[in-house]
Amino acid sequence: MIRKWIAAAALLLLALSLYAGRELPGYWADYLSDRVEDIRADIKKTGGQGESFVFITDIHVPHNSMMSPSVIREVMAQTGVSRVIMAGDFMNAHATAKTGLDAMEKYLSRFSFTDPLVIRGNHDTNYVGYEIVSDTQFQALVRKYSSKSYSNGDKMYYTLDDHRSRIRHIFLDTGDDNKKFVEKDQLLYLEKQIRSAPEGWHVAVFQHISLRGQEAGKGIVNPGLYEDGRKVKAVLDKLCGKTRADIIGVFCGHSHTDFHMYSEAGYPIIATTCDSSGIQASYWDPRQPLRPAGTIHEAAFDVVTINTRRRMIFMKRIGAGVDRQYKY
């Protein structure tokens, strides 16, 4: 019985994926009308002091309805939001490197309407598959669809400055192999980018895995022994409130659930649930409901508005989940 249900769900997801890039189904169009107004209200409150972007993570193709590209396109068209940040885990990492990269490209290729900013998730190395996806292979694919990602040579971490909003975005590289990904060079880069931000600027940090919590199922509730996260947190804690720029916070994914905490230094650490749908969406936490295909719960991402005047982060959820807001 369970196998039949899974097979039926998979077929429905496949059928729905054919809609990606086309006119939105009615249930999405109806739902977005109110959401768009809420996002516009957040943007208006900034008074031009801040920015808005789409934040999406943990795609996990083929366990994805493939509806989020079309929904994101519509949200951007109706609100004027011009930036998409993708926090990794495009693939499932269970097969060959080519299979994983093909899955990732299937998703990224649907974003011709924007120039997404991309970071790597732990699954994107294909670490449990038959072949590892190298840094070079990952960067090469991303650069086909993004002119702004991986602008730091062959390094897997980079920075983007938005001079209008005076926000510096720092994109870090994290992975499951504790103590391997966040090495001295990346930590020195992080510190340099924060220290060199101009007077009156604000700094937002993005990475796939949270600063706390190695075990995705328990997330931030159980700090675990994630040494890479501790090293990043130590740099941020040391610099928070002691440089010319303000630290907005850290945005991450990986846990397949929403959560947040404030560091001892006072900046928020915020995780967003997965866009993955069906069985994959709740595999880390059986308490979470499934994501029924053919409903707005088949996708999940945030439209984030950073109001630098009020020092607030407003996160409007599109799809499964609820809105959130945080001070920094």
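Any chance the stretch 143-166 includes a residue that's over 25 Å from residue 83 (Cβ atoms), over 18 Å from the mean Cα position of the chain (by Cα) and without any contact (Cβ under 8 Å) to a residue 40 or more places away in the chain? Scanning the stretch 143-166 turns up no residue that is over 25 Å from residue 83 (Cβ atoms), over 18 Å from the mean Cα position of the chain (by Cα) and without any contact (Cβ under 8 Å) to a residue 40 or more places away in the chain.
When you check residue 49 against the structure, is it surrounded by fewer than 22 Cβ atoms within 10 Å (Cβ to Cβ), polar (S, T, N, Q) and within 25 Å of residue 161 (Cβ to Cβ), yes or no? Against the criterion (surrounded by fewer than 22 Cβ atoms within 10 Å (Cβ to Cβ), polar (S, T, N, Q) and within 25 Å of residue 161 (Cβ to Cβ)), residue 49 qualifies. Please work out if residue 135 is within 23 Å of residue 232 (Cβ to Cβ), of a type in the set (D, E, K, R), surrounded by 13 or more Cβ atoms within 10 Å (Cβ to Cβ) and more than 17 Å from the chain's Cα centre (by Cα). Against the criterion (within 23 Å of residue 232 (Cβ to Cβ), of a type in the set (D, E, K, R), surrounded by 13 or more Cβ atoms within 10 Å (Cβ to Cβ) and more than 17 Å from the chain's Cα centre (by Cα)), residue 135 qualifies. Looking across the stretch 239-254, the residues that are touching a residue at least 24 places away in the same chain (Cβ under 8 Å) and farther than 30 Å from residue 281 by Cα come down to 239, 240, 241, 243, 244, 245, 246, 247. Filtered by the rule that a residue be charged (D, E, K, R) and either out of contact with any strand residue (DSSP E or B) (no Cβ under 9 Å at 6 or more places or on another chain) or part of a helix (DSSP H, G or I) (or both), the stretch 114-168 gives 120, 124, 131, 135, 143, 144, 154, 155.
Would a scan of the stretch 72-87 turn up a residue that is closer than 16 Å to residue 145 by Cβ, surrounded by 20 or more Cβ atoms within 10 Å (Cβ to Cβ), modelled with pLDDT of 95 or more and in contact with a Cys (Cβ under 7 Å, 6 or more places away or on another chain)? Yes: one or more hits. Pairs meeting the criteria (first residue in the stretch 260-272 and at positive phi and at pLDDT 95 or above, second residue surrounded by fewer than 17 Cβ atoms within 10 Å (Cβ to Cβ) and hydroxyl-bearing (Ser, Thr, Tyr), beta carbons under 8 Å, at least 6 apart or on different chains) are lacking. A count restricted to the stretch 45-68 and to residues that are in a strand (DSSP E or B) and over 19 Å from residue 87 (Cβ atoms) stands at 1. Annotation: residue 113 fulfils all but one of (1) touching a Ser or Thr at 6+ places or on another chain (Cβ under 8 Å); (2) within 30 Å of residue 203 (Cα to Cα); the unmet one is (1).
Among residues belonging to the stretch 1-44 that are among the charged types (D, E, K, R) and not in a helix (DSSP H, G or I), point out the one that is modelled with the highest pLDDT. Ranking the candidates gives 23 first. The residues in the stretch 296-313 that are farther than 26 Å from residue 64 by Cα and not basic (Lys, Arg) can be counted, and the count is 5. Within the stretch 132-188, restricting attention to residues that are small (Gly, Ala, Ser) and at pLDDT below 95, the residue that is farthest from residue 106 (Cα to Cα) is 175.
Cβ separations smaller than 7 Å between residues 6+ apart or across chains give the following pairs from the stretch 44-56 residues that are within 30 Å of residue 277 (Cα to Cα) and in contact (Cβ under 8 Å) with a residue 12 or more places away in the chain to residues that are surrounded by fewer than 21 Cβ atoms within 10 Å (Cβ to Cβ) and among the acidic types (Asp, Glu): 51/162.
Just to be sure before I move on: is residue 212 in a loop (DSSP other than H, G, I, E, B), farther than 30 Å from residue 96 by Cβ and modelled with pLDDT under 85 in the structure I sent? So residue 212 fits the description; yes.
The values are calculated or read from the model by the stated rules, or taken from the named source; none is laboratory data. Here the structure is a predicted model, which is why all the values come from computation and not from measurement. Don't worry about glycine lacking a Cβ; one is built from the backbone with ideal geometry, like all the others, and counts go over all protein chains shown.
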